[in-house]
Amino acid sequence: MVTASNHGASVRELLRTPAIDPVDARALLREALGVSATHLAAHPDQRLTAPQRNRYLELVARRRAGEPVAYLTGEREFYSIAFKVTPAVLIPRPETEHLVEAALELIPADTTFRVLDLATGSGCVAVAIVLQRSQARVTATDASPEALAVARENAARHGARIEFVESDWFAALASRRFDLIVSNPPNVAERDPCLAEGDLRFEPRAALVAGADGLSCIRLLVAQARTHLETGGGLLFEHGRDQAAECRALLVRAGYRTVGSRRDLAGNERVSGGRV
């Protein structure tokens, strides 16, 4: 067993730290050493200094207490891009990559297509879109100044030109219109037991919870997006795996056309949308 008394423990020995997933152990060890995955794999016999070992054991203890690895390392990959994450933003998840894919299918290449990303969080969706559609004019909003600071840093890190606006949904956008609006809005019911499980316990509640049924933000989004879309413009948003039918019904009642949903790799409907 690896403990604080194991002076000069090697990478190989520390990767066998008990009661922690080996993948997590590698991520935390890379963070403690400040090295890449390639370096870690190539130097299994490297011995840690006391500060490095203590840092690693501190991270392990926090992970055992439930803290997300992404918050411990300050980074998460999304759409094959490394993003800074902090407890001020949701941790980017693979399911949200389907929102990006759906958006890219609607954004022509080499055009100044105007895209709005509402509740941008870490900025992962907006940045991923800009890196694939460099001529698109992307605006990203969030009501949280702390989240916007993270998003701005991620955009600068990857050279993505994005306009950031602090706004509670559409409040600060006046009468501006866009060709496409995308969002990963809060969509968890306030009493959903999942909020007391896993990483969700540590993520910002305001970015997760949306009323008694998890649909209050989606209702607002569907209702208000119409006045900010050009004729023929589209709305796309992520939702919970059991919310697609209700989301399509909301879109149809609001008068959207070509309403549909997109499935994730597990077969769950995760993204819905329509056109005006």
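Quick look at the numbers
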read-out: Unmet requirement for Leu57, which otherwise passes all of (1) part of a helix (DSSP H, G or I); (2) in contact with a helix residue (DSSP H, G or I) (Cβ under 9 Å, 6 or more places away or on another chain); (3) closer than 22 Å to Ile91 by Cα; (4) hydrophobic (A, V, I, L, M, F, W, C); value: (3)
read-out: Qualifying position, being touching a His at 6+ places or on another chain (Cβ under 9 Å) and at pLDDT 95 or above, among Ile181, Ile162; value: Ile181
read-out: Conditions (1) surrounded by 15 or more Cβ atoms within 10 Å (Cβ to Cβ); (2) in a helix (DSSP H, G or I): number failed by Arg12; value: (1)
read-out: Residues (within 27 Å of the chain's Cα centre (by Cα) and β-branched (Val, Ile, Thr)) located in the range 13-49; value: Ile20, Val23, Val35, Thr38
read-out: Test: residue in the range 77-91 that is touching a helix residue (DSSP H, G or I) at 6+ places or on another chain (Cβ under 7 Å), touching a residue at least 40 places away in the same chain (Cβ under 8 Å) and assigned to a helix (DSSP H, G or I); value: no
read-out: Residues located in the range 143-200, provided they are part of a loop (DSSP other than H, G, I, E, B), in contact with a Phe, Trp or Tyr (Cβ under 9 Å, 6 or more places away or on another chain), in contact (Cβ under 8 Å) with a residue 60 or more places away in the chain and of a type in the set (S, T, N, Q); value: Asn184
read-out: Where a residue in the range 18-41 is on the phi < 0 side of the Ramachandran plot and in contact (Cβ under 8 Å) with a residue 24 or more places away in the chain and its partner, wherever it lies, is hydroxyl-bearing (Ser, Thr, Tyr) and loosely packed, with under 15 Cβ neighbours inside 10 Å, with Cβ under 9 Å and at least six apart; value: Arg30/Ser36
read-out: Lone qualifier among Ala41, Ala25, Ala102 - being at pLDDT below 95, part of a helix (DSSP H, G or I), aliphatic (A, V, I, L, M) and crowded, with 16+ Cβ neighbours inside 10 Å; value: Ala25
read-out: Enumeration of residues in the range 48-76 that are of a type outside the set (S, T, N, Q), surrounded by fewer than 15 Cβ atoms within 10 Å (Cβ to Cβ) and touching a residue at least 12 places away in the same chain (Cβ under 8 Å); value: Ala50, Arg64, Gly66, Gly74
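The values are calculated or read from the model by the stated rules, or taken from the named source; none is laboratory data. Since this is a predicted model, take the numbers as computed values, not measurements. Using ideal geometry, Cβ is built from the backbone for each residue, glycine included, and neighbour counts are taken over all protein chains shown.
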